[in-house]
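Just so it is clear, none of the values below were taken in a lab; they were calculated from the coordinates. Just so you know, these numbers come straight off a predicted model, no measurement behind them. Cβ placement follows ideal geometry from the backbone for every residue including glycine, while neighbour counts extend to all protein chains displayed.
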Amino acid sequence: MAPSVWQVLICQKPSQQVCLTAKGSNSPPDEENSLVKKRRLPPFSAVKAFEAAARHLSFRAAADELCLSPSAISHQIRALEDYLATALFRREGNRISLTGTGRDYAGRLSQLLDHLDDSTRAARAGADGQTLRVLSTPGFAARWLVPRMAGFEHAQAIRLHIAEGAPSTKFSTNDADIVIKWRDDAEEDVDVVPFIHSARYPVVSPALLERESISHPRDLLRLTLFRDEVDDQWPAWFRAAGVVAELAEGDPIYPNCEYASTAAEAGLGVSLAYEAVVGPTVAEGRLVRLFEATTIPFTIYAIATEAVRRHDPLIRAFRDWLLAEARHHSANSTPICVAE
């Protein structure tokens with residue numbers, strides 16, 4: 001097999017590279033051509049000017065779009081026509097129309113520029129602004145997630161959305177990547193990871209505790225008790241406290257435990273709060289826990305994602321961080337003083 005003969009072209013300037021081209025190579029013709037083939041592309045500024053003028057059929061409108069003068073658009077298009085050695089527009093006074101070649105070329109360019117725009121946006125999103133859309137209840141966001149969020153490495157990527165009721169796990173319509181879901185019921189095509197377990201106990205504001213005489217669980221029956229619209233657990237708590245209770249009919253009913261906790265902070269009544277959510281608020285002294293009795297702990301929050309996306313890097317990183325924070329809180333929680 002005859003060896004290939006190489007021409008060595010040594011550039012005169014030291015900063016330039018040595019160029020090698022093959023003559024008489026035994027490589028297939030297509031492979032040889034791929035080594036030396038270069039794209040023959042027109043000036044990009046001329047391409048943009050022509051494509052805009054072709055869309056508007058107006059040099060002035062193209063100039064306004066590209067922040068150029070009409071004469072600059074005209075010069076760019078002339079340069080492109082010279083490059084292609086063909087006319088792209090018919091010029092009749094102040095009116096222009098596309099030639100057949102111009103019409104075909106404009107159609108292809110518009111598709112290419114649209115694709116370039118889409119690819120550029122995707123690249124910028126990946127490099128500069130990847131987001132993680134998190135949907136949760138108000139209580140979880142305000143009392144648990146936001147105070148800790150600075151500890152997440154990619155906190156700047158989080159876009160937090162609040163659900164008024166139970167957050168939807170229908171990912172085709174909920175505009176979310178991760179949902180902090182109420183409880184941990186299994187769902188089809190949804191990856192559900194149990195996250196926070198909690199018992200409940202009564203809390204009041206320091207001001208209400210100071211003005212009311214509360215020494216026994218039954219004393220709560222003469223106060224305003226904030227009730228849950230769903231899964232109200234006051235009856236279960238009174239049973240745990242050893243009190244046979246008939247609850248008043250007129251107590252306020254809230255769709256979310258956060259509203260009840262906020263009302264309790266304002267001194268308006270008693271909230272049956274989740275320890276895992278209001279623990280830091282109690283530790284700060286903004287709420288006071290009443291009595292030792294609690295409800296039976298259960299999973300109150302789970303992390304839900306589309307099953308097909310459970311291994312997405314940012315989703316996985318956020319889920320791992322949430323679980324680690326929950327373990328840390330459980331391991332380092334300190335006993336809370338109980339007002340008796």
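Numerical summary
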item: Phi-based couplings in Hz for the stretch 45-55 (Karplus 6.51, -1.76, 1.60; Gly and Pro marked x); result: 4, 5, 4, 4, 5, 5, 4, 5, 5, 5, 5
item: Burial order of peptide ranges 138-146, 269-277, 294-302, 64-72 (average beta-carbon count within 10 Å, highest first); result: 269-277, 138-146, 294-302, 64-72
item: Linear extension gain, A324 paired with D312, 0.36 nm per residue minus alpha-carbon span; result: 2.5 nm
item: Amide H partners (placed H, <5 Å) of F89, local residues excluded; result: T99
item: Anchor K48: aspartates and glutamates whose Cα lies under 17 Å away (excluding residues fewer than 8 positions away in-chain); result: D64, E65, E81, D82, D104, D114, D117, D118
item: Using a Förster distance of 41 Å, the FRET efficiency for R218-A166 (Cβ separation, nearest 0.05); result: 0.80
item: Exposure proxy ranking, count of Cβ atoms within 10 Å, fewest first, for R289, R91, R200, R133; result: R91, R133, R289, R200
item: Separation in nanometres of the label points that stand 7 Å from Cα toward Cβ, at V193 and T99; result: 6.2
item: Potential lengthening between K38 and L113 on full extension [0.36 nm per residue; Cα-Cα distance subtracted]; result: 25.0 nm
item: FRET efficiency, A248 to Q130 (Cβ-Cβ, R0 56 Å, nearest 0.05); result: 0.65
